1. Where nothing but the Cβ of Lys and Arg (+1) and of Asp and Glu (-1) is charged, how large is the charge dipole of the stretch A:216-341 around its Cα centre, in debye to the nearest 20?
2. Can you give the direction-averaged projected area of the convex hull of the alpha-carbon atoms in the stretch A:738-819, in nm²?
3. Over all pairs of distinct alpha carbons, what does the Kirkwood formula give as the hydrodynamic radius of the stretch A:789-878, in Å?
4. Only helical DSSP H runs with n ≥ 4 go in: add -39500 (n - 2.57) per run for chain A, normalise by residue count and round the 222 nm mean residue ellipticity to 500 deg cm²/dmol.
5. When you have a sec, figure out the Kirkwood radius of the stretch A:143-189 from all distinct Cα pair distances and drop it here in Å to one decimal?
6. Please figure out what share of the DSSP beta bridges in chain A is antiparallel and state it in percent, rounded to the nearest 5.
7. Report ³J(HN,Hα) in whole Hz for each residue of the stretch A:650-664, in order, from the Karplus equation J = 6.51 cos²θ - 1.76 cosθ + 1.60 where θ = phi - 60°; Gly and Pro get x.
8. Sort largest first and round to whole Å: the equivalent ellipsoid semi-axes of the stretch A:546-585, each the square root of five times a Cα gyration tensor eigenvalue.
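Since every read-out is calculated from the coordinates, none of them should be taken as a lab result. The structure displayed is predicted, hence computed values, not measured ones. Note that each Cβ is placed from the backbone with ideal geometry, even for glycine, and that neighbours are counted across all protein chains shown.
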Amino acid sequence: MRPGSPETLQHPYDPTRIESRWSQEWEARGVFTPRPGGKPFVISIPPPNVTGSLTMGHLLGESLRDLILRWQRMEGREVLYLPGMDHAGIATQNVVERQLEERGTRREDLGREEFVRQVWAWKEQYGGLILKQLRRVGTSADWSRERFTLDEDYSRAVLTVFLDLYGKGLIYRGRYVVNWCPRCQTALSDEEVDKVEREGSLWYIRYPIKGTEKFVTVATTRPETMLGDTAVAVHPKDRRYAHLVGKVAVLPLMRREIPILADEMVDPKFGTGAVKVTPAHDAADFQTGKRHGLPEIIVIDERGVMNENAGDFRGLDRFEARQKVVESLTDAGYIEKIEKHMLAVGQCSRCDTIIEPMLSWQWFVKMAPLAAPAIEAAKRGQVKFYPARWRKVYLYWLENIRDWCISRQLWWGHRIPVWYRGDEMVVSIERPAGAGWRQDEDVLDTWFSSWLWPFATLGWPERTPDLERYYPNSLMVTGSDIIFFWVARMIMAGQQFMGQVPFPHVFFTSILRDSQGRKMSKSLGNSPDPLEIMERFGADAVRFTLIYLTPTGQDLAFDEKRIETGKFFANKIWNAAKLVQMRLGDEDLGPIKESALRLTLADRWILSRFANAVKDISRFLKTYRFNEAANALYHLAWDDYCDWYLEMAKPRWTEEADPEDRRVARWVAWKVLDGILRLLHPFMPFVTEEIWQALPHDGEMLALASWPKAKRAWVDAAAEREVAFLQELVVAVRNLRVENNIAPGRRVPIVVRGTHEQLALIEQLQSQIMPLARIETLTLARDGARPPVAASAVVRGAEVFLPLEGLVDLDKERERLVREADKLLSDLENTRKKLRNQDFLAKARPEVVERERVRLANLEETLEKLKRAQDSMRTAQR
RNA sequence: GGGCGGAUAGCUCAGCUGGUAGAGCACCUGGAUCACAACCAGGGGGUCACAGGUUCGAGCCCUGUUCCGCCCACCA
């Protein structure tokens, strides 16, 4: 047992002062490095972008992860939280390019090698800000193991995976229509495209049929692509157009002759049932083109500008070209009509530029074989999702998975390990021997590196001790917005390369929204600055509040004001500790044996409340119901401990009190506070550590102390029931005082009539109850006469009288009694009705019926006593 | 077009396997009582979106409807 340090816990509580200190202390003392002994418990950080800075969303994620980590550490597990960052190809390249732009230069001017060098320089200088910010939150990460997806070792893992999948035939190169961002100048995966609903137009264009005066009308939302049309398609079973199949249409403006063909892809119910086919600029048309051997004519270049195949429209931006094409078509009489039309356009998730489907050479991963085991894993329960409904989302995606375009036309990233010389192609990490080899220009999608995160961070492909010990991880905590990008792919990679899923459980955090329900994002500018929030309220307050507010799996409308909940709570704990510290005196609590203490009813009550709370909180944490855990803790600490126990203990701490009992009250107050601090530590690590150190404590650090056990010997249902009665009694007296306008400072005499048992209970805690209700004298009378003029209340059958002749307003009191009785009346009626119902009596569970009977008896008794009180008021008036 | 979530006190949200509604904030009343005014004591306030159904009993289960939000989708 170590003594506390009484000079601390000054008034007022100042979070910023203590928080900076403990972050350093914990790190300095190696609290966050895994301590061998227990079973490992491992979480990997969802690596933030190297360009990133802390958002409220991160703060929520970190609060939840650190809550679990600290709890598990206290449970004796060997805890590892592995931190690191993602190189974030597009995002990072964009940042540095913008910088270059300011200096009036472009990456092309620098050349690839120099540009990459400058990105690294940027990373060294500015990158990783977010990891520094995480320290402010109190995140218990093992910084010695920090990883970056472009670290040398990590890069080797990425390239090894490429080689492996290529060797298995799961990576291929091909020329397909892919999502192209004309601003970022790179291909994107389907997941990197956001579909946005917009109102557009549907243009109906007449394509003349060769050798006739007739025409076929097609409908399109993208008239500019007609310049690249190489066919018109109709459904094979569409009778309206059967006669046209095999004929030739003449493409307006271009005068190109294109076939009219039949294809199942066409939906006869949409538009006119005839569709223009542009194989080079539409993924579906591309497939149609392949089926029919159509030429692929590219009319839009990689910057979104019409090229030399676009005839007169060459050099125009694609949207400008759309207008001009429509104008030309209108002038020439080809437009039949224009309709308003809702459509979903693809946007680059990075820069919101409208995606251009483009035909190009790219590298792909064949996903179906990887998805199969990942589907199995979820179905067999080898990986579970919390909340469970995400399982369905996960399965649907995997069951309908499409191949993954992994090549990016960027410079920042893992360069594709493929080499060309003439017609030769070699896949190899090292440059092949011999002269003239040229490496593929593209880099890999960033997610192609981060999907390896749970094992590549541990040294894979080497079989390192870390990998042996810490794979698989124990849990993944992340946002549902990256379930496909990252979670599903990690599960696939884990099975493919490690032979087992990377984590048995995935917990999805809430998405934070602003008061208007919009997702908090940097681009909207509706996210408060987390660092500023932490400065103002303290990291503890923010952590606790976020956890307390976060319903499992529900979005959360965040309001800054609510952080006060956590701030006030921290303050409450601080002050309670201050009181306990003051009242402990120089008592040495170390040698005290619980068995030697004569516990009072109040002591047994709080110990029981505590033991039950430990059980509840532990269960809530195990089942990922974090908000409920926080809620239970809040009420244990504030209501039970501060408002009731400490108040009841105060009289026992005075000079006049019995020294032996004073010791008991000291010990229990300290013991329960110590327990509350332990329970609270994972939620509010800083303030709890500070307080714990200031009080007598067992061990070096609260962060390394043990999680409380729910002692069965402390559970005492009788004590809980009994104290509940006394609490109701106190509340009843307080009520009587307020209702009768008795000055708050004034002490009043109280008479209680009740059963022997009730009076005995009151007697036990008499001296502790009296100050709570400002009672001057407490008269306990089994059958004593009711005071002639008194305000009264009924508590569980016991009658409480406030006999203050002259002070009680008789009329008001009578009115109050009537009101009180009225309130009971409807309850009483309902209960009676229920008990008259034969079906209820026959079919409800016996204990439910019994409960109703007791309720009825109580109501009747209470009502009866209220009536008698009314009667006596009437008598008194005469 | 398919799927998922939500609708409970003025606001933000709890409410576990069905047993007649809770918290915080806000509001009202009173209080400088030596842990805490970042506090204490007390109070008002809800046909649990709507309509049916199952059940002795529904905020909770089932069906449908209306709004709000999200995800997926090659009807151009």
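1. 440 debye
2. That works out to 5.5 nm², a quarter of the Cα hull's surface.
3. Kirkwood hydrodynamic radius for the stretch A:789-878: 14.5 Å.
4. So the calculated ellipticity at 222 nm is -13000 deg cm²/dmol.
5. Value: 13.5 Å, from the Cα pair sum.
6. 70 percent
7. For the stretch A:650-664, the Karplus curve yields 3, x, 7, 9, 6, 4, 6, 5, 5, x, 5, 5, 4, 4, 4 Hz.
8. Working from the Cα gyration tensor, I get semi-axes of 32, 11, 3 Å.
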